[in-house]
Amino acid sequence: MNKYKDKVISILGDSISTYRGYNNGDAADTTNSTIRNNYSSASSAISKGKTAITNFKNAVTAINNGGITISDDSAINSAITAYNSLSTAQKNYSGVSASKTTLDGYRTTCTNLINGKNNVQTAINNIGTPVTWSKKSTVESARTSYNALSQDQKNNVNNYSTLTAAEATI
């Protein structure tokens, strides 16, 4: 927030200097209006900066509702986008760094879940067709990999029926 604080101080300092340079009442009234407008503009910029920071921190907080799952991927990507839209000064603001570290952990966990699920889908696809007795070890390996997944990952395997059909064939 130092960036915004410095901007306000600069604008107000310029406005006060301008005000001191006028001696008649009309010029002072005009300058007072300029000072108010500049202050309002700077205050608005600070408010928007605080809102962006709050939105980012809230996006991170909303992700973990009892454990990271594959379905959190979209929310994690949205929070990353919110973080990337922050200015350098905002990224250095209190609490943002801790939220970013938490978000990075969520991203790693979710990526690992997705990769594990994708590896099993690939193993199932590797069974191929036709399914013959010679593919028994490939089918068993795919089953073992599938069984090692979390329930969340199992729920997202999109070719499980291929595995069960191959098992029924052998």
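The values are calculated or read from the model by the stated rules, or taken from the named source; none is laboratory data. On a predicted model such as this, the values are computed, not experimentally measured, just so you know. Methodologically, a virtual Cβ is constructed for each residue, glycine included, from the backbone with ideal geometry; neighbour enumeration extends over all protein chains shown. We work out accessible area using only protein heavy atoms, side chains counted, and drop any ligands, DNA or RNA first. Shrake-Rupley method; radii C 1.70, N 1.55, O 1.52, S 1.80 Å.
Brief remarks follow.
- Failed condition for G66, given (1) out of contact with any helix residue (DSSP H, G or I) (no Cβ under 9 Å at 6 or more places or on another chain); (2) open to solvent by 70 Å² or more (accessible area, probe 1.4 Å); (3) assigned to a helix (DSSP H, G or I): (3)
- Meets criteria (loosely packed, with under 14 Cβ neighbours inside 10 Å and modelled with pLDDT of 90 or more) for T51: yes
- So N65, is it closer than 30 Å to G49 by Cβ, without any contact (Cβ under 8 Å) to a residue 24 or more places away in the chain and of a type outside the set (K, R): yes
- All told, S97 meets the bar of being more than 21 Å from S150 (Cα to Cα), in a helix (DSSP H, G or I) and of a type outside the set (A, V, I, L, M, F, W, C).
- Filtered by the rule that a residue be in a helix (DSSP H, G or I), of a type in the set (S, T, Y) and in contact (Cβ under 8 Å) with a residue 12 or more places away in the chain, the stretch 132-170 gives T138, S141, S145, Y146, Y160, T162, T169.
- Listed by first and then second residue, the pairs linking a residue in the stretch 84-97 that is closer than 14 Å to K50 by Cβ to a residue that is in a loop (DSSP other than H, G, I, E, B) and hydrophobic (A, V, I, L, M, F, W, C), with Cβ atoms under 6 Å apart and 6 or more places separating them unless they lie on different chains, are Y93/M1.
- Filtered residues of the stretch 120-153 (kept if among the hydrophobic types (A, V, I, L, M, F, W, C) and open to solvent by 60 Å² or more (accessible area, probe 1.4 Å)): W133, A148
- Which numbered condition K117 misses (of (1) open to solvent by 40 Å² or more (accessible area, probe 1.4 Å); (2) in a helix (DSSP H, G or I)): (1)
- Residue check, N156 surrounded by fewer than 16 Cβ atoms within 10 Å (Cβ to Cβ) and either in contact with a Gly (Cβ under 6 Å, 6 or more places away or on another chain) or within 30 Å of V60 (Cα to Cα) (or both): no
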